[in-house]
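Chemist: Take this structure, written in structure tokens, and hold onto it; I'll ask about it next.
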Protein chains: 2
Amino acid sequence: MTIHFRRDLEHLQQRILGQAGQVEQTVDRAIRALTERDSQLALQVMEGDNTIDQEENEVEEECLKILALHQPVAVDLRRIAAILKINTDLERMADLAVNIAERAHAFAQGQPMAIPSRLQEMTDLTNIMVRDSLDAFVRMDAALARRVCRLDEQVDACNRDIIRELIGVMKTRPDLIEQALNLFSASRHLERIADHATNIAEDVVYLVEGEIIRHHPEALQPRADNGKPGSPER
Amino acid sequence: MTIHFRRDLEHLQQRILGQAGQVEQTVDRAIRALTERDSQLALQVMEGDNTIDQEENEVEEECLKILALHQPVAVDLRRIAAILKINTDLERMADLAVNIAERAHAFAQGQPMAIPSRLQEMTDLTNIMVRDSLDAFVRMDAALARRVCRLDEQVDACNRDIIRELIGVMKTRPDLIEQALNLFSASRHLERIADHATNIAEDVVYLVEGEIIRHHPEALQPRADNGKPGSPER
């Protein structure tokens, strides 16, 4: 690895760490807009998406420039290819956070309704996954990446509890069905953000250990309910 | 472009066209499992996911090999980078089709309930988008790619009508709430498959015209309801 390549790689890594920080902040703000019924904050989150999109375009250009200039091979090439993928994941996460803000905006216009009890826990877990998946990439830390993959099960469990709670509300209060659907969708978007963090973490394990766990999650450890037919994941 | 590079590129393109065909077929089967309450078919779709995952890993390896071997620059480099991204999109689409099959499996266990009237139309539109976005890429056809982007609005409109219909059912038949949520989720997954096709089409326009429409959809044409706050998109 030449000094120039290393410098360019480090610059790229700092950028994607910065993007991850922005995603975390966006998720926090979107969920706060939801729980505090703050439509102004929801609108702010929706408008802030342009910055993240712009950043994604620039990171992609930087990756292509590095590929053309340094023509990396082997592990260096894999790292740049991984950054290209992570970059897309981060942009999709930001989009999902904006989708949450859209639900928050709609929710704030409707009737008051209790927020599902595990939503904050799910938000915190998701943000830990976002941060740790990126840290795992930059530090090439497979153990940390595996921990991120395992956290995803807790997020899925939160999501299932939230859905159960919402179904209960819908059955007894038909007038709250639209509001419950706003929360249902927000919870699903959050769960998908955690899925993207899991994708990144799986790529890290593959990069470090040269082992494809992405499509062989059984290599992680026995998962209690992963994708079982008819499981309550929506 | 050397003869070898062209040959390798063509091979890659045939592979992603094949993947797209598989995605279409998977979507069709998953929706059929849903509408015909066929849990056996749903299980078959869920089990078929391994093939597509395997294919994704192989295409990624092939891209990296081409980058290392031919060290393409400029437009050739962009094409390979685009295939890397399309490959990820196709794998996510297949995952979403499997998510639909999971909902189909759950739906088949529950009470009978009418399928929303526009679901088949939405499925057909989505599959056209999947096929045409890939065709647009292989033929570098920006006009076709733009048509794919415009079709996405029709898919979103179908999704909104379906959600409206389902909310109506939930309000009058609380006993059908779980079943309606299965259909709600299936419709959302389908809409997300169309979003991935749109991502691919936007990348094609960018590749052909060097113009970033990905994050500037207004460059396409005025969109009636794109991301407006509180719009009924879930």
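The values are calculated or read from the model by the stated rules, or taken from the named source; none is laboratory data. Remember, it's a predicted structure, so these values are computed and weren't measured experimentally. All Cβ positions, even for glycine, are placed from backbone atoms using ideal geometry, and neighbour counts span all protein chains on display.
Chemist: Looking at A:Gln154, A:Gln120, A:Gln179, A:Gln111, which is the one that is outside any helix (DSSP H, G or I) and touching a residue at least 12 places away in the same chain (Cβ under 8 Å)? Quick ask: steps written out before the conclusion?
Modeler: Values: A:Gln154 fails: outside any helix (DSSP H, G or I); A:Gln120 fails: outside any helix (DSSP H, G or I); A:Gln179 fails: outside any helix (DSSP H, G or I).
Among A:Gln154, A:Gln120, A:Gln179, A:Gln111, only A:Gln111 is outside any helix (DSSP H, G or I) and touching a residue at least 12 places away in the same chain (Cβ under 8 Å).
Chemist: Additional query: State whether the residues of segment B:45-59 include one that is within 20 Å of A:Ile83 (Cβ to Cβ) and more than 10 Å from chain A (Cβ to nearest Cβ).
Modeler: Taking segment B:45-59 and keeping what is within 20 Å of A:Ile83 (Cβ to Cβ), we get B:56-57, B:59.
So of that shortlist, the ones also more than 10 Å from chain A (Cβ to nearest Cβ) come out as B:59.
Yes - at least one qualifying residue is present in segment B:45-59.
Chemist: Moving to a separate point now. If you check every pair at least six apart or on different chains, which have Cβ atoms under 9 Å apart with a residue in segment A:73-99 that is under 11 Å from B:Ala68 (Cβ atoms) and more than 9 Å from chain B (Cβ to nearest Cβ) first and a residue that is part of a helix (DSSP H, G or I) and of a type in the set (Asp, Glu) second?
Modeler: From segment A:73-99, no pairs qualify.
Chemist: Of everything in segment B:36-59 that's touching a helix residue (DSSP H, G or I) at 6+ places or on another chain (Cβ under 7 Å), in a helix (DSSP H, G or I) and at pLDDT 95 or above, which residue is farthest from B:Ala104 (Cα to Cα)?
Modeler: B:Val59
Chemist: If we scan segment B:5-12, do we find a residue that is part of a helix (DSSP H, G or I), among the acidic types (Asp, Glu) and in contact with a Ser or Thr (Cβ under 9 Å, 6 or more places away or on another chain)? Explain how you work it out, then say what you get.
Modeler: As a first pass, look at segment B:5-12 and keep what is part of a helix (DSSP H, G or I): B:5-12.
This time we only want the ones that are among the acidic types (Asp, Glu), so: B:8, B:10.
With the extra rule that they be in contact with a Ser or Thr (Cβ under 9 Å, 6 or more places away or on another chain), the set shrinks to none.
So far as segment B:5-12 goes, no, none of its residues is part of a helix (DSSP H, G or I), among the acidic types (Asp, Glu) and in contact with a Ser or Thr (Cβ under 9 Å, 6 or more places away or on another chain).
Chemist: Testing A:Ser117 on (1) within 26 Å of B:Asp89 (Cβ to Cβ); (2) more than 7 Å from chain B (Cβ to nearest Cβ); (3) small (Gly, Ala, Ser), one condition comes back false. Which one is that?
Modeler: (1)
Chemist: Does B:Leu144 satisfy the condition of being closer than 26 Å to A:Lys85 by Cα, more than 14 Å from chain A (Cβ to nearest Cβ) and under 18 Å from the mean Cα position of the chain (by Cα)? Explain how you work it out, then say what you get.
Modeler: Values: closer than 26 Å to A:Lys85 by Cα: yes; more than 14 Å from chain A (Cβ to nearest Cβ): yes; under 18 Å from the mean Cα position of the chain (by Cα): yes.
It is true that B:Leu144 is closer than 26 Å to A:Lys85 by Cα, more than 14 Å from chain A (Cβ to nearest Cβ) and under 18 Å from the mean Cα position of the chain (by Cα).
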